[in-house]
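A quick write-up on the structure given underneath.
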Amino acid sequence: MTMKNQLLQEYIHSNILRSHKRLKGITSDVYDRLLPRRYEFSILQKYALDFLHHGSEPRIIIMPGLRGTGKTTLLAQLFLSLPNDNITKLYLSAEEAMQRFDVNLWDIIDNYEELIGQHLEDFTAPLFLFFDEIHYDRKWAIFLKTIYDRSKKVMVFCTGSAALLLREQINTDVARRAFFVDIPPLTFTEYLLFKYNKPMEEDLTAILRQTLLFSDNAAQVFHILQQQQLRINEYWLTVDKFEIQRYLKYGSLPFTLNMDNEILATNFITQIVNKIIYTDIPQFYKFEITTLNRIDKLLYLISDTLGVSMATLSTTLEMKTDTLRLILRALETAGVINKIMPYGAHFKQVRKPAKYLFATPALRFAYLSSKESVELFTNYQGNLLEDLVGMYLQKMLPHLERFAVTYDVADGGADFIVSLNEQHIVIEVGMGKKDYQQLQNTSSKIKPKYNLIIASNEFAYSASHNTVKIPLQYFLLC
């Protein structure tokens with residue numbers, strides 16, 4: 001046995017012995033109280049128990065998401081929730097093992113088999129493998145296929161820090177074996193649950209989502225929301241109004257929940273973005289260091305606006321347009337930004353600029369916080385709210401096969417156009433009172449089912465404008 005293999009086996013053995021204690025620390029707060037479980041936990045646990053009791057598929061679960069969204073905690077909670085009798089469990093940080101010992105995932109499994117004196121094919125009881133940050137091995141997809149094919153007794157749960165990156169690296173052969181469970185930033189109700197143990201009625205969230213996206217007309221949207229007003233108002237009775245500000249600034253990322261210091265929170269968020277730029281992106285995009293150094297400035301420029309032309313960015317950054325496009329694509333695949341195309345761009349508006357939203361308003365605010373302005377939050381509330389609505393739509397829509405989120409690029413056009421099965425919903429976002437003009441400019445062209453204005457505390461219905469004004473407090477409960 002080589003020295004490297006011996007050290008790796010000692011590391012794996014140590015992880016087996018210390019897994020429970022180590023993961024207990026990840027899943028508990030400083031007072032040893034268990035952290036709340038996210039909604040996605042119940043989905044993951046169901047797949048694990050179905051496999052445990054019935055040998056059910058899928059046996060490969062991939063958990064992509066932006067850094068800082070709590071994927072490691074979810075993985076640890078799932079590990080600890082499974083019984084210890086008549087099954088085998090192995091939890092490893094792929095990032096830690098691979099960087100520490102200069103090995104790949106195959107080396108880890110080979111040495112695990114040698115350590116326990118048993119091949120995967122020989123397992124008669126279920127084996128659960130938990131790999132955190134699996135994307136550090138560039139050949140992770142073929143590794144998962146190999147593990148899947150070697151034994152029907154093995155189930156794998158793995159995380160990756162890039163929200164779309166994992167899907168881009170997977171081939172069709174692996175895709176039909178794997179199932180994705182995206183781990184998005186926290187919603188506002190999750191934020192309050194985790195921070196203050198304030199539960200939200202799940203059926204109310206479901207009703208609000210169904211109403212906003214799948215009603216027949218604006219009148220139906222208004223009628224159903226009226227029916228739920230009492231429940232909505234009761235939820236908000238004990239919520240400090242400043243929690244919305246805290247949530248928009250940094251509260252959508254779980255690791256900030258115990259941070260009351262805004263500067264500290266934004267510094268940690270900045271560190272996460274730096275790790276994405278200098279660690280994650282180079283795993284898949286071979287940019288020179290001078291190019292990587294410009295990504296931070298690019299994100300700063302995007303934070304100050306929503307729609308910006310490639311030519312303007314290219315000139316400001318002194319960068320070729322092709323390189324700029326590749327960087328923006330890298331930031332998309334890393335889960336940092338969401339690209340919102342102009343409505344109709346796929347066939348007639350290709351020259352119009354895309355709009356880049358941050359995956360969570362916390363990322364935008366981290367960049368904006370470097371500006372020295374007392375009115376910073378007030379001046380950029382509209383941009384932060386667009387990030388928020390974009391983030392919520394990303395969570396509410398992906399399970400649907402035929403949907404698109406675009407925007408009206410024309411002057412005075414609406415912020416979002418949600419297209420579902422060739423029907424459209426026009427959405428305008430902003431603080432303070434919003435009139436109907438921007439919606440009318442857009443709806444007169446595309447004839448939507450109905451229009452929504454998500455703004456201040458105004459709740460109103462206009463039959464003539466086919467529009468419902470929805471208070472931000474209502475939308476935050478979706």
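Any read-out appearing in this document is the output of simple, stated calculations on the displayed coordinates, not a laboratory observation. Everything quoted here is computed from the prediction, not taken from an experiment. Methodologically, a virtual Cβ is constructed for each residue, glycine included, from the backbone with ideal geometry; neighbour enumeration extends over all protein chains shown.
General observations
- C-alpha long axis of helix 71-81 to longest principal axis of the chain, angle in °: 50 degrees
- Computed with the Debye formula from one identical point scatterer per Cα of the chain, without solvent, the log10 of I(q)/I(0) at q = 0.07, 0.10 Å⁻¹ comes to -0.40, -0.82.
- Note on region 25-40 and region 386-454: Cα centroid distance 37 Å, given to the nearest whole angstrom.
- On Cα atoms only, tilt of 202-214 relative to the major axis of the chain in degrees: 50 degrees
- The C-alpha atoms of the chain define a longest principal axis, and helix 39-54 lies at about 40 degrees to it.
- Applying the criteria of a DSSP loop state and at most 11 other Cβ atoms within 10 Å to the trypsin sites (Lys or Arg not before Pro) of region 292-326 yields K320.
- Ranking of T442, T266 by neighbouring Cβ atoms within 10 Å, starting from the fewest: T266, T442.
- Between region 123-140 and region 275-344, the C-alpha centres lie 31 angstrom from each other.
- By the count of other C-beta atoms within 10 Å, a proxy for reagent exposure, M155, M341, M391, M3 are ordered fewest to most as M3, M341, M391, M155.
- Taking a straight Cα-Cα cut-off under 25 Å and skipping sequence neighbours fewer than 8 places away in the same chain, the lysines within cross-link reach of K469 are K241, K249, K355, K395, K433, K434, K445, K447, K449.
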